[in-house]
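The values are calculated or read from the model by the stated rules, or taken from the named source; none is laboratory data. Quick caveat, the model's predicted, so the values are computed rather than measured. Ideal geometry is used to build each Cβ from the backbone, glycine not excepted, and the neighbour counts take in all protein chains shown. The protein model used for the area step is the full one, side chains on, heavy atoms only, and it has no ligands, DNA or RNA in it. Shrake-Rupley method; radii C 1.70, N 1.55, O 1.52, S 1.80 Å.
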Amino acid sequence: MSATGRLVIEGCAVATVDAASTEHAAGHVVVEGDRILAVGAGPCPEEFGPAVLVDGRGCLATPGLVNCHHHLYQWITRGLAQQGTLFQWLTELYPIWARLDVDMEAAAARAALAALLVSGCSTTTDHHYLFPAGAGDLLAAEVEVATGLGIRFHPCRGSMDLGRSQGGLPPDEVVEDPDAVLAATEAAIDRFHDPAPEAMVRVAVAPCSPFTASGELMRRSAELARRRGVRMHTHLAETVDEEAFCRERFGRTPTEYLDELGWLGDDVWLAHCIHLDDGAVRRFGATGTGVAHCPSSNARLGAGMARVADLLAAGAPVGLGVDGAASNEAGQLGPELRQALLVARLRGGPAALTARQALALGTAGGARCLGRAGELGSLEPGKLADVALWRLDGPGHADV
Ligand SMILES: [Zn+2]
């Protein structure tokens with residue numbers, strides 16, 4: 001809609017996901033420009049005057065979902081390495097990914113972002129860490145696609161410098177030189193990052209993982225991010241293989257290793273964080289380090305079940321992610337709410353996570369991970385008008 005128009009959604013159930021978990025069985029949401037003007041029970045009061053009306057009857061209005069972890073390019077390599085562990089899966093896919101170019105990136109981004117949008121997602125990250133020589137401007141390609149589709153976008157300029165010859169997992173032809181990585185990352189911040197509250201594009205700094213990025217690159221990346229005031233993202237503690245790698249190479253758990261490198265803090269969110277001991281869970285809570293929980297991907301790769309209930313109890317921000325479509329196949333965020341609930345209950349019993357908590361992970365929790373809790377993640381006056389409407393009048397909800 002235009003930046004100045006007023007729009008009223010009326011007759012819908014409303015789950016605001018505000019701090020008091022306010023809900024209305026039948027309510028309204030008033031939007032002006034890109035902001036929420038009012039939310040309440042019953043019909044929209046007349047004081048809000050003429051507006052474009054959206055008939056919300058039969059629907060539930062929630063905040064637009066926030067996807068905290070993705071690799072858009074993987075859309076074009078779905079279905080491969082079906083029975084592999086993470087390391088086997090990566091080793092099979094790296095040579096295919098090494099042939100990525102701008103046209104493939106744009107096509108993959110278009111499909112993956114559309115899959116998110118139709119599943120109620122209005123804000124997404126992309127962790128792009130693969131920049132084969134001569135592939136073209138991959139980050140610009142996906143920013144252009146996201147802008148065209150109208151989704152709020154946080155591209156994370158990823159990187160790998162620890163090739164196989166240096167003891168890392170990826171083949172040498174897909175890794176970059178650390179100086180080149182940092183220069184390209186800073187250039188991406190200059191070109192695309194918008195610190196404004198209503199920003200549609202924000203950039204994060206995101207070396208790939210402890211087994212693909214060197215300690216030097218991790219440390220220098222953190223310095224760059226903090227100097228420029230942007231957020232930091234990477235993978236952590238996804239598998240027992242990673243834990244073994246870190247213990248053997250660094251004599252540390254993955255969390256201890258990242259902590260030493262300056263990679264825990266309230267400006268950081270990390271994907272997966274499955275294999276955490278009690279001390280690590282406490283450290284996440286104490287530092288405010290966010291977690292992007294990716295239940296479908298974790299199940300697909302048999303990686304394990306994250307300690308979501310424990311992390312929430314410790315006070316850590318927890319959001320949801322679909323992860324790349326090569327380890328998810330579907331790439332829709334709506335179903336991840338259900339997956340998060342089911343996985344939490346497999347791990348901790350039927351009271352481990354409620355449906356409302358699962359919705360909060362996918363909305364307010366995600367907004368916290370991205371440092372946008374003041375702008376996104378709940379339906380409240382003054383927040384950005386990212387609203388998802390879910391149909392409740394189909395057979396799937398009859399009699400529930
Ligand atoms: Zn990932």
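Laid out as a table, the results:
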item: Residue match in the range 218-239 (condition: at pLDDT 95 or above, in a strand (DSSP E or B) and charged (D, E, K, R)); result: yes
item: Residue list for the range 281-297, restricted to those being assigned to a helix (DSSP H, G or I), within 16 Å of the ligand (Cβ to nearest atom) and in contact with a Leu (Cβ under 9 Å, 6 or more places away or on another chain); result: Pro295
item: Selected residue (criterion: most open to solvent (accessible area, probe 1.4 Å)) from residues of the range 211-243 that are of a type in the set (Gly, Ala, Ser) and away from the ligand (no atom under 16 Å from the Cβ); result: Gly229
item: Subset of the range 317-357 [under 12 Å from Cys294 (Cβ atoms), among the charged types (D, E, K, R) and either more than 16 Å from the ligand (Cβ to nearest atom) or assigned to a loop (DSSP other than H, G, I, E, B) (or both)]; result: Asp323
item: Criterion (assigned to a helix (DSSP H, G or I), on the phi < 0 side of the Ramachandran plot and over 22 Å from the mean Cα position of the chain (by Cα)) met by exactly one of Glu242, Glu186, Glu248; result: Glu248
item: Tabulated pairs, the range 71-83, first on the phi > 0 side of the Ramachandran plot, second outside any helix (DSSP H, G or I) and open to solvent by 10 Å² or more (accessible area, probe 1.4 Å), C-beta under 7 angstrom, 6+ apart or interchain; result: Gly79/Glu329
item: Any hit, the range 89-102, residues being surrounded by fewer than 17 Cβ atoms within 10 Å (Cβ to Cβ), under 30 Å from Trp390 (Cα atoms) and either in contact with an Asp or Glu (Cβ under 9 Å, 6 or more places away or on another chain) or among the charged types (D, E, K, R) (or both); result: no
item: Count of the range 324-345 residues which are surrounded by 20 or more Cβ atoms within 10 Å (Cβ to Cβ), over 26 Å from Leu60 (Cα atoms) and not polar (S, T, N, Q); result: 3
item: The listed residue being open to solvent by 20 Å² or more (accessible area, probe 1.4 Å) and not aromatic (Phe, Trp, Tyr), out of Ala184, Ala188, Ala199; result: Ala184
item: Filtered residues of the range 38-79 (kept if assigned to a loop (DSSP other than H, G, I, E, B), surrounded by fewer than 18 Cβ atoms within 10 Å (Cβ to Cβ) and away from the ligand (no atom under 16 Å from the Cβ)); result: Gly42, Pro43, Pro45, Gly49, Pro50, Ala51, Arg57, Gly58, Gly79
item: Cβ-Cβ under 8 Å pairs, at least 6 apart or on other chains, the range 115-128 side without any contact (Cβ under 8 Å) to a residue 40 or more places away in the chain, far side crowded, with 20+ Cβ neighbours inside 10 Å; result: Leu117/Ile151
item: Tally, over the range 107-136, of residues that are open to solvent by 20 Å² or more (accessible area, probe 1.4 Å) and hydrophobic (A, V, I, L, M, F, W, C); result: 7
item: Qualifying positions in the range 372-384 - small (Gly, Ala, Ser) and surrounded by fewer than 20 Cβ atoms within 10 Å (Cβ to Cβ); result: Ala373, Gly374, Gly382
item: Residues being assigned to a helix (DSSP H, G or I) and either touching a strand residue (DSSP E or B) at 6+ places or on another chain (Cβ under 6 Å) or at pLDDT 95 or above (or both) - total across the range 166-183; result: 6
item: Residues being open to solvent by less than 10 Å² (accessible area, probe 1.4 Å) and either of a type in the set (S, T, N, Q) or part of a helix (DSSP H, G or I) (or both) - total across the range 256-280; result: 2
item: Residue match in the range 298-313 (condition: assigned to a strand (DSSP E or B) and either within 16 Å of the ligand (Cβ to nearest atom) or at pLDDT 95 or above (or both)); result: no
item: Residue check, Ala204 over 22 Å from Ser122 (Cα atoms), within 15 Å of the ligand (Cβ to nearest atom), open to solvent by less than 20 Å² (accessible area, probe 1.4 Å) and at pLDDT 95 or above; result: no
